[in-house]
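What follows is a single structure, written as structure tokens, with notes after it.
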Amino acid sequence: MHDELLALADRLAARGEQDGGPCPDAVNPAMIRNWTQALGDPRDWDDVAPPAMIQVWSMPGLVEQKGGSVAEEPLRLLDAHGYTGVVATNCEQTYDRYVKVGERLSSRMRFGGVTGPKKTAMGEGYFVTWYQSWYDEAGERVAEMLFRVLKFQPRKRTGGNVPSKGGKYPLRPAVGPDTRFFWDGVDAGELRVQKCGACGALRHPPGPMCPKCHATERGYVVAGGRGTVHSYVVHHHPPVPGRTPPFVVAVVELEEGVRIVGNVIGCPPEDVRVGMPVRLTFERMDDELTLPQWTPADTPEPEPAPAEQAPPADLEIELTPTFVIATALATRDFTPVHHDTALARAQGTRDIFVNILTTMGVVQRAALDAVPGATLETIAVRLGVPAYAGDTLRLHTDRVDGRTLRVRGAVSLGDHVTATVTFREDA
């Protein structure tokens with residue numbers, strides 16, 4: 001497939017610019033209003049469209065558009081060979097001028113190329129690049145764009161836990177007089193192992209009577225949180241509420257000599273082996289429940305949060321599911337990873353996430369907050385971690401020089417976008 005893909009890419013690149021046809025709709029106030037309302041843009045754009053909307057005018061929407069993209073053939077070939085995941089990674093737009101309400105644009109495309117395979121956090125994949133330009137009815141170019149996506153083989157989920165719709169993890173432990181000390185320990189960040197008050201023997205699971213001396217006196221010790229995998233199974237079927245198969249259920253032998261059952265997380269199931277050193281980790285399942293789990297011993301410990309407070313964001317956006325879905329629809333992007341949670345997870349992501357057309361609009365909004373009244377000339381974004389529904393996007397804007405801004409947007413996982421914006425300030 002690799003050689004076939006690269007040969008196809010060379011043929012497409014050699015064709016040069018191809019006619020993309022007229023845009024489905026003229027530049028119109030209704031689409032501008034939907035876009036600005038979805039993104040929370042407070043500006044009155046009067047008789048021009050926001051520049052970051054330029055790709056929206058040529059998006060086909062729900063109608064299948066055969067031959068509508070110069071990248072269609074390589075993307076279809078990658079799909080056929082298991083590279084079914086897709087995520088945009090780069091977008092660079094240049095605005096020759098703002099387009100006006102009533103204009104009917106047309107577009108042209110040329111294929112850029114394919115690079116790969118590359119190992120990425122999403123899985124192995126290929127980067128596919130193409131270019132698109134927009135023209136007015138007189139044939140003058142009004143904007144140009146570089147667009148790059150990653151087509152990847154979705155990783156198998158490693159037993160992640162999925163809360164129920166109400167936000168509650170559906171499986172709850174049975175807590176009684178014999179086990180309450182254990183769960184109180186979990187809430188305190190400790191792994192407590194029952195200890196006989198008479199002979200000192202350790203035992204797990206806990207119970208009312210010592211199996212060695214039959215005494216009923218009992219206490220506990222706090223385990224060090226290190227052990228090895230004694231045995232394990234990889235669960236595929238039947239379905240387990242709140243869990244996505246495949247996931248590993250292991251019997252871990254603690255350094256203290258007792259064995260405990262738990263999930264091994266933080267690595268693919270195929271990496272687990274008997275004798276593998278593991279360490280304790282606590283996984284927050286919902287607002288009330290935390291579970292002790294196990295992760296490979298060489299997995300770095302999570303770094304503590306810095307003591308100092310991060311500077312306040314210049315723009316802060318709550319990424320509610322409504323925001324993620326509404327902005328995708330306002331940009332005429334009907335890719336399921338932006339609307340359908342089940343399909344998004346099937347492609348190896350945690351949840352639905354913000355699309356790159358929305359990210360372009362948010363960067364535009366942050367830039368114009370920093371330089372009100374400026375005319376934007378270019379926006380170039382590079383995506384980092386996904387911006388998932390339920391998170392918060394915090395944007396910081398710095399002025400590099402008289403006509404350049406840097407915009408950085410971060411979510412809880414890290415930097416979602418780094419962008420460079422150039423502009424002119426009209427007299």
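Using only Cα coordinates, the Kirkwood hydrodynamic radius of segment 180-296 works out to 15.2 Å. For segment 45-57, 3J(HN,Hα) computed residue by residue from phi via the Karplus equation (6.51, -1.76, 1.60; θ = phi - 60°) reads 8, 6, 9, 10, 8, x, x, 5, 7, 3, 5, 4, 5 Hz, glycine and proline entered as x. Distant-in-sequence amide contacts of Phe247, defined by a placed amide H-H separation under 5 Å and a gap of 5 or more residues or a different chain, comprise His235. Peptides 246-257, 26-37 ranked from most to least packed by the mean count of surrounding Cβ atoms within 10 Å: 246-257, 26-37. Under 1.5 on a/c is rounded, so check that first for the chain, then, if it is not, pick prolate when a/b is larger than b/c and oblate when it is not; a ≥ b ≥ c are the square roots of the alpha carbon gyration tensor eigenvalues. Judged from the Cα gyration tensor, the chain comes out prolate (a/c at least 1.5, a/b above b/c). The modelled label-to-label distance for the pair Val186/Glu4, using points 7 Å beyond Cα in the direction of Cβ, is 4.9 nm.
Taking 0.36 nm per residue of sequence separation and removing the Cα-Cα distance, the Glu72/Asp47 pair yields an extension gain of 5.6 nm. Placing R0 at 51 angstrom, the Cβ-Cβ distance between Val385 and Ala198 gives a FRET efficiency of 0.45 after rounding to 0.05. Each of the peptides 86-95, 236-245 was scored by the mean count of other Cβ atoms within 10 Å over its residues; in descending order, highest first, they stand as 86-95, 236-245. Around the amide H of Val417, modelled in the peptide plane, lie the amide H atoms of Gly384, Gly409, all under 5 Å away and 5 or more residues distant in sequence or on another chain.
In this structure, the amide hydrogen of Glu283, modeled 1.01 Å from its nitrogen in the peptide plane, lies closer than 5 angstrom to those of Leu291, Gln293, counting only residues at least 5 positions away or on a different chain.
Accessible surface area normalised per residue over segment 180-296 is 50 Å², counting heavy atoms of protein chains with a 1.4 Å rolling probe. A simple packing score, the average count of other Cβ atoms within 10 Å per residue, orders the peptides 358-364, 390-396 as 358-364, 390-396, with the highest score first. The simple spin-label model puts a point 7 Å past each Cα toward its Cβ; for Glu217 and Phe334 those points are separated by 7.4 nm. Between segment 24-42 and segment 224-273, what's the alpha-carbon centroid distance in Å? First find each Cα centre; the distance between them is then 50 Å. Distance between the C-alpha centers of segment 362-378 and segment 72-86? Whole Å please. Centre-to-centre distance over Cα atoms comes out at 36 Å. Positive end of the dipole of segment 180-296 (Cβ unit charges, origin at the Cα centre): among Cys213, Pro296, Val248, the Cα lying farthest that way belongs to Cys213.
Over the chain, dividing the summed -39,500 (n - 2.57) contributions of all DSSP H runs of at least 4 residues by the number of residues returns a 222 nm mean residue ellipticity of -5000 deg cm²/dmol.
Contact order for the chain, expressed relative to its length and based on alpha carbon pairs under 8 Å spaced 6+ residues apart, stands at 14 percent.
Go through Ser106, Val128, Pro239 and say which Cα lies farthest out towards the positive end of the charge dipole of the chain; charges sit on Cβ, +1 for Lys and Arg, -1 for Asp and Glu. Looking along the dipole axis, the top candidate is Pro239. Full extension of the chain between Gln37 and Arg424 yields a length gain of 136.8 nm, computed as 0.36 nm times the residue separation minus the alpha carbon distance. Karplus-derived 3J(HN,Hα) values for segment 330-346, using 6.51 cos²θ - 1.76 cosθ + 1.60 with θ = phi - 60°, are 5, 9, 6, 9, 9, 5, x, 5, 9, 9, 10, 4, 4, 5, 4, 5, 5 Hz; glycine and proline are entered as x.
The slack in the chain from Leu343 to Thr120, taken as 0.36 nm per residue of separation less the alpha-carbon distance, amounts to 78.3 nm. Under the convention that each Lys and Arg Cβ holds +1 and each Asp and Glu Cβ holds -1, the size of the dipole of the chain around its Cα centre is about 1380 debye.
The phi-based Karplus calculation (6.51 cos²θ - 1.76 cosθ + 1.60; θ = phi - 60°) puts the 3J(HN,Hα) values of segment 233-249 at 10, 9, 8, 10, 7, x, x, 10, x, x, 10, 10, x, x, 9, 9, 10 Hz, whole numbers, x for Gly and Pro.
Candidates Trp45, Leu62, His2 compared by Cα position along the dipole of segment 1-105: farthest toward the positive end lies Trp45, with charges placed on Cβ.
With K and R counted +1 and D and E -1, the other residues having a Cβ less than 10 Å from that of Val248 yield a net charge of -2. To the nearest 20 debye, what is the magnitude of the charge dipole of segment 180-296 about its Cα centre, counting +1 on the Cβ of each Lys and Arg and -1 on the Cβ of each Asp and Glu? Magnitude of the dipole: close to 420 debye.
The values are calculated or read from the model by the stated rules, or taken from the named source; none is laboratory data. Bear in mind that the values here come from a model prediction, so they are computed numbers and not experimental data. Reconstructed Cβ throughout: ideal geometry from the backbone, glycine too, with neighbour counts over all protein chains shown. Surface areas here come from the heavy atoms of the whole protein model, side chains and all, with no ligands, DNA or RNA. Shrake-Rupley method; radii C 1.70, N 1.55, O 1.52, S 1.80 Å.
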